[in-house]
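Below is one structure, written out as structure tokens, with a few remarks after it.
The values are calculated or read from the model by the stated rules, or taken from the named source; none is laboratory data. Being a predicted model, the structure only gives us computed values, none of them experimental. When we count neighbours, we look across all protein chains shown, and the Cβ atoms used for this are built from the backbone with ideal geometry, even at glycine.
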């Protein structure tokens, strides 16, 4: 699991190191060595290579100057340029090391363009270390060597695109004990998802899906398949006002519901045997449907995943927070930015992690904010960020599959916070196995068993 530290938290870690008898010069030497090592790796050697180091006045620049010294000692032709006095045109080079400004940068950074590959020190200069927003026109890096821990700015917004491949260098700082945000890795997910017991039966992992509407069964099908392929023992699907089984997977048990007045039926059915409920994909936004859905969410005493139209039914701002915070069982909500804006009563702030964390605490619910980097926050302040997704998940219906995945993981015994995080990770890993172009949401469930099988193999 990789730690994530804000610039402020990182400064506190540095200070604690010095207070224990360490020195800043020691950290700079170690950081410079890590940068020089990565530079050699990118160039494939040192003989005959040319490197430009753009160094600022602070510790970031000092790291770059140490790297310059070490590379020059190894035979590289190194030119060091002051960040505050760059020429209009940079010399030709095999590699440019961007050590101009670090996570504490304030201002506007618009350096001359370069066609050389760029290696960033700690964070690409001009990227906000907290939000990932670009201030100016930073050089996009092929790689970034960051120290001790990831920074939010490397994961979010422009920073995620500008950072390239991220290398976390251990320079002797204790980042883990100071961190409240983490990026889980495959080993972590494998340990969380325990194998089914030898004496398992289907009702030990039953999922109830309330989704779909007359003529709109696609989202319901995808959520149901996501749950089944993630190991739900049995899935019941209820679609208000629809009795047809057409298009519903053979393995899914269909439950008939009237068009109106069905909330009590759901509450009774769920309370009997199910370990998790998924509410919302494709339900629609008719006034009666919204009212019934809100009643189900409010009263269901089973862990519940709320997605899609279910989120709409929660209401806006304080209304949604009041409903969720009074629920008798844990809740996971899975909004995209537009849905989160409605639940939150306003757009997420540039500090997306803090926005999600704050909302989750107020709503007493796990919030999974979907995006290129999915942020999952628990009501108690814990946060995970998954970073293994790519653009293949930007396809209609993929979120419905995710809702089913999370529901199944809860039914299998994961606590809702880990279920949401593992669900996002597994969802992305499955999509990553699909075609680079043309992947559709219906492909994702078929790819889930292989991902889960690999995780199972890692655990053994």
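Could you check, for the range 410-420, whether at least one of its residues is in contact (Cβ under 8 Å) with a residue 40 or more places away in the chain, within 15 Å of the chain's Cα centre (by Cα), closer than 19 Å to residue 278 by Cβ and surrounded by 24 or more Cβ atoms within 10 Å (Cβ to Cβ)?
yes
Run down 91, 87, 111, 124 and say which single residue is without any contact (Cβ under 8 Å) to a residue 60 or more places away in the chain, crowded, with 23+ Cβ neighbours inside 10 Å and assigned to a loop (DSSP other than H, G, I, E, B).
Of 91, 87, 111, 124, the one residue that is without any contact (Cβ under 8 Å) to a residue 60 or more places away in the chain, crowded, with 23+ Cβ neighbours inside 10 Å and assigned to a loop (DSSP other than H, G, I, E, B) is 124.
Condition first: crowded, with 24+ Cβ neighbours inside 10 Å and assigned to a loop (DSSP other than H, G, I, E, B). Now tell me which residues in the range 150-174 satisfy that.
151, 156, 163
Could you tell me whether residue 140 is within 20 Å of residue 166 (Cα to Cα) and surrounded by fewer than 20 Cβ atoms within 10 Å (Cβ to Cβ)?
yes
Quick grid of which residues meet (1) in the same structural domain as residue 299 (by TED's automatic domain parsing); (2) within 16 Å of the chain's Cα centre (by Cα); (3) part of a loop (DSSP other than H, G, I, E, B); (4) touching a residue at least 40 places away in the same chain (Cβ under 8 Å):
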| residue | (1), (2), (3), (4) |
| --- | --- |
| 339 | yes, no, no, no |
| 353 | yes, yes, no, yes |
| 359 | yes, no, no, no |
| 372 | yes, yes, yes, yes |
| 381 | yes, yes, yes, yes |
| 384 | yes, yes, no, yes |
| 395 | yes, no, yes, yes |
| 403 | yes, yes, no, yes |
| 407 | yes, no, no, yes |
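Which condition number in (1) surrounded by fewer than 19 Cβ atoms within 10 Å (Cβ to Cβ); (2) part of a strand (DSSP E or B) is the one that residue 208 fails?
Among (1) surrounded by fewer than 19 Cβ atoms within 10 Å (Cβ to Cβ); (2) part of a strand (DSSP E or B), the lone unmet condition for residue 208 is (1).
Is there a residue being over 14 Å from residue 228 (Cα atoms) and buried (at least 21 other Cβ atoms within 10 Å of the Cβ) anywhere in the range 436-447?
The answer is yes; a qualifying residue exists.
Quick check on my filter: what residues within the range 272-291 are surrounded by 24 or more Cβ atoms within 10 Å (Cβ to Cβ) and farther than 30 Å from residue 200 by Cα?
Correct list: 283 only.
Going by what's in this entry, would residue 389 be described as in contact with a helix residue (DSSP H, G or I) (Cβ under 9 Å, 6 or more places away or on another chain), assigned to a helix (DSSP H, G or I) and under 27 Å from residue 194 (Cα atoms)?
no
In this structure, does residue 350 turn out to be surrounded by fewer than 23 Cβ atoms within 10 Å (Cβ to Cβ), touching a helix residue (DSSP H, G or I) at 6+ places or on another chain (Cβ under 8 Å) and under 21 Å from residue 159 (Cβ atoms)?
It is true that residue 350 is surrounded by fewer than 23 Cβ atoms within 10 Å (Cβ to Cβ), touching a helix residue (DSSP H, G or I) at 6+ places or on another chain (Cβ under 8 Å) and under 21 Å from residue 159 (Cβ atoms).
Return the pair list, or none, for Cβ contacts closer than 9 Å from residues in the range 273-290 that are on the phi > 0 side of the Ramachandran plot and touching a residue at least 60 places away in the same chain (Cβ under 8 Å) to residues that are surrounded by fewer than 20 Cβ atoms within 10 Å (Cβ to Cβ) and not in a loop (DSSP other than H, G, I, E, B), at least 6 apart or on different chains.
Between residues of the range 273-290 that are on the phi > 0 side of the Ramachandran plot and touching a residue at least 60 places away in the same chain (Cβ under 8 Å) and residues that are surrounded by fewer than 20 Cβ atoms within 10 Å (Cβ to Cβ) and not in a loop (DSSP other than H, G, I, E, B), the close pairs are 282/216; 282/218; 284/216; 284/290.
Quick grid of which residues meet (1) surrounded by fewer than 20 Cβ atoms within 10 Å (Cβ to Cβ); (2) modelled with pLDDT of 95 or more; (3) farther than 26 Å from residue 7 by Cα; (4) outside the structural domain of residue 7 (by TED's automatic domain parsing):
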| position | (1), (2), (3), (4) |
| --- | --- |
| 54 | no, yes, no, no |
| 58 | yes, no, no, no |
| 65 | yes, yes, no, no |
| 69 | yes, yes, yes, no |
| 100 | no, yes, no, no |
